[in-house]
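Notes for the one structure printed next.
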Amino acid sequence: MTTSHQISKDLYLVRQQLEGGQAAAAPKVEPPINHIAVIDCSGSMYYDLPKIREQFKKRIPKLLKKDDTLSVIWFSGRGQFGALLEAEPVATLTELQEVNNAIDRYLQPTGLTGFKEPLQEAKKLIERISKKNKNPFALFFMSDGWDNQWGKPEILKAVEETAGGLGSATFVEYGNYADRQLLAKMAEKAGGSLIH
């Protein structure tokens, strides 16, 4: 059906309904995200880690949607790393409290600083979670220091191998004494961004 209204001598406003009516555009639905936070717990974090824990806990309810999951990997020196939480849902207040309790209890400063192993752990974690959860992964990697355990080529290789399983990546240079050049290269290898 077409209707036409003359606005002036040579100007018409025409409305035409297409066959079958106009289909409304389907709202874009974002899939749930599997968030992975990799947190530096080295000795240099002694002063800042209590503040970081509080900021992290305040951010979780704002960051995670109902069906998102949260994994937390802690790290310090060589052989000192691990998954504190793995694909935890945070949809209820009880789940949020359990996550907050784990963050407070276990994210404590200890040891030196090594980036390679927690990145390798993130890759393994992605592989484990992907077997039952096909949603995309977002990595958050935060450090205030310089890796004093591994060479840069080894670290960048670990980033590159982990990046294949990521939908997005954010690397955070916390404070003014982190290895900005290395963190920037890590972000580049992961196709992500670096935040100071």
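The values are calculated or read from the model by the stated rules, or taken from the named source; none is laboratory data. In this text, all values refer to a predicted model and were calculated from it rather than measured experimentally. Cβ: placed from backbone, ideal geometry, glycine included. Neighbour counts: every protein chain shown. Each accessible area value is taken on the protein alone, full model and side chains, heavy atoms only, with ligands, DNA and RNA left out. Shrake-Rupley method; radii C 1.70, N 1.55, O 1.52, S 1.80 Å.
So how many residues does the range 124-155 have that are part of a helix (DSSP H, G or I), more than 14 Å from the chain's Cα centre (by Cα) and either aromatic (F, W, Y) or farther than 23 Å from M45 by Cα (or both)? Before the answer, list the steps.
From the range 124-155, those part of a helix (DSSP H, G or I) are 124-130, 152-155; that's our starting set.
Subset that is more than 14 Å from the chain's Cα centre (by Cα): 124, 127-130, 152-155.
Of the ones still in play, those that are also either aromatic (F, W, Y) or farther than 23 Å from M45 by Cα (or both) are 124, 127-130, 153-154.
Residues flagged as part of a helix (DSSP H, G or I), more than 14 Å from the chain's Cα centre (by Cα) and either aromatic (F, W, Y) or farther than 23 Å from M45 by Cα (or both) within the range 124-155 amount to 7.
Filter the range 29-58 down to the residues that are out of contact with any strand residue (DSSP E or B) (no Cβ under 8 Å at 6 or more places or on another chain) and assigned to a loop (DSSP other than H, G, I, E, B), then identify the one that is farthest from G175 (Cα to Cα). Talk me through it step by step, then tell me what you get.
Taking the range 29-58 as the starting set, the residues that turn out to be out of contact with any strand residue (DSSP E or B) (no Cβ under 8 Å at 6 or more places or on another chain) are 29-31, 43-51, 53-55, 57-58.
Now narrow it down to the ones that are assigned to a loop (DSSP other than H, G, I, E, B): 29-31, 46-48.
Values: V29: 36, E30: 33, P31: 33, Y46: 13, Y47: 11, D48: 9 Å.
Here the residue is V29.
Pick out the one residue from T110, T162 that is touching a helix residue (DSSP H, G or I) at 6+ places or on another chain (Cβ under 8 Å) and either assigned to a loop (DSSP other than H, G, I, E, B) or open to solvent by 40 Å² or more (accessible area, probe 1.4 Å) (or both). Spell out the reasoning first.
Numbers: T162 fails: either assigned to a loop (DSSP other than H, G, I, E, B) or open to solvent by 40 Å² or more (accessible area, probe 1.4 Å) (or both).
The conditions single out T110.
May I ask you to list the residues in the range 173-196 that are modelled with pLDDT of 90 or more, open to solvent by less than 90 Å² (accessible area, probe 1.4 Å) and either in contact with an Asp or Glu (Cβ under 6 Å, 6 or more places away or on another chain) or part of a loop (DSSP other than H, G, I, E, B) (or both)?
If the condition is that a residue be modelled with pLDDT of 90 or more, open to solvent by less than 90 Å² (accessible area, probe 1.4 Å) and either in contact with an Asp or Glu (Cβ under 6 Å, 6 or more places away or on another chain) or part of a loop (DSSP other than H, G, I, E, B) (or both), then L183, A190, G191, G192 are the ones that fit.
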